[in-house]
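The values are calculated or read from the model by the stated rules, or taken from the named source; none is laboratory data. What you are looking at is a predicted structure, and each value in this text was computed from that prediction instead of being measured. Every residue, glycine as well, gets a Cβ built from its backbone with ideal geometry; the counts of neighbours run over all protein chains shown.
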Amino acid sequence: MDQITYAKSKGAPAFDWNSFLNKEIVQHTLTEMQEAGVMAGSWVTCACGNQCEIIPRYNDGTPKDNILFGRGHDFYVYVVGMGHAHAEHNTEAFNKFRRKAHLALQEIEGRSAELIKEINDVKK
């Protein structure tokens with residue numbers, strides 16, 4: 001059975017957070033940074049929303065798992081930090097927040113994989 005992301009299950013457009021985070025400060029527009037901040041602030045379109053829909057969530061999309069919730073919140077903070085650094089043309093701060101966002105995204109993906117495995121193991 002193909003698994004779809006929570007975002008897709010809610011009709012939200014796909015967004016490649018890895019591709020976004022791989023761009024240097026000069027490759028982003030102000031509008032792009034603002035839109036990323038809005039998307040990172042929604043449980044549907046954030047990095048957690050881009051994980052499989054079978055992960056338990058509350059009605060607004062907030063993950064029920066506290067670890068995933070925490071990493072998702074961190075990810076939002078770092079993306080917003082990137083946006084502020086971009087607006088101030090502060091490459092050093094931008095790169096600091098970008099590294100932290102990358103790490104948070106990796107942790108979100110890792111924790112999501114653990115949860116999906118647990119769910120699938122219970123179904124067996």
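In the stretch 78-98, which residues are among the hydrophobic types (A, V, I, L, M, F, W, C) and within 18 Å of the chain's Cα centre (by Cα)?
V79, V80, M82, F94, F97
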(Q) So, in the stretch 38-60, how many residues would count as being within 14 Å of the chain's Cα centre (by Cα) and farther than 22 Å from V122 by Cβ? (A) 12
Q) Only one of these conditions is not met by R71: (1) of a type outside the set (V, I, T); (2) in a helix (DSSP H, G or I); (3) free of Cβ contacts under 8 Å to residues at least 12 places away in the same chain. Which number is it? A) (3)
Q. If you take the residues of the stretch 35-66 that are farther than 19 Å from I4 by Cβ and among the hydrophobic types (A, V, I, L, M, F, W, C), which of them is surrounded by the fewest Cβ atoms within 10 Å (Cβ to Cβ)?
A. V38
Q: Give the number of residues within the stretch 99-124 that are out of contact with any strand residue (DSSP E or B) (no Cβ under 6 Å at 6 or more places or on another chain) and either crowded, with 16+ Cβ neighbours inside 10 Å or in contact (Cβ under 8 Å) with a residue 12 or more places away in the chain (or both).
A: 12
Q: Run E92 past the list (1) among the acidic types (D, E); (2) farther than 29 Å from Q27 by Cβ; (3) in a helix (DSSP H, G or I) and report the number of the one that doesn't hold.
A: (2)
Q. Has the stretch 82-98 got any residue that is touching a helix residue (DSSP H, G or I) at 6+ places or on another chain (Cβ under 9 Å), over 27 Å from K117 (Cα atoms), basic (K, R) and in contact (Cβ under 8 Å) with a residue 24 or more places away in the chain?
A. yes
Q.
Among (1) modelled with pLDDT of 95 or more; (2) buried (at least 20 other Cβ atoms within 10 Å of the Cβ); (3) in contact with a Ser or Thr (Cβ under 7 Å, 6 or more places away or on another chain), there is one condition F69 misses while meeting the rest; what is its number?
A. (2)
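Out of all the residues in the stretch 74-89, which are of a type outside the set (A, V, I, L, M, F, W, C) and either part of a loop (DSSP other than H, G, I, E, B) or surrounded by 20 or more Cβ atoms within 10 Å (Cβ to Cβ) (or both)? Give the steps one after another, and end with the answer.
Initial filter on the stretch 74-89 (of a type outside the set (A, V, I, L, M, F, W, C)): 74, 76, 78, 81, 83-84, 86, 88-89.
Y76, Y78, G83, H86, E88, H89 - these are the residues of the stretch 74-89 that are of a type outside the set (A, V, I, L, M, F, W, C) and either part of a loop (DSSP other than H, G, I, E, B) or surrounded by 20 or more Cβ atoms within 10 Å (Cβ to Cβ) (or both).
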Q: Go through the stretch 11-34 and give me each residue that's surrounded by 15 or more Cβ atoms within 10 Å (Cβ to Cβ) and out of contact with any helix residue (DSSP H, G or I) (no Cβ under 8 Å at 6 or more places or on another chain).
A: A12
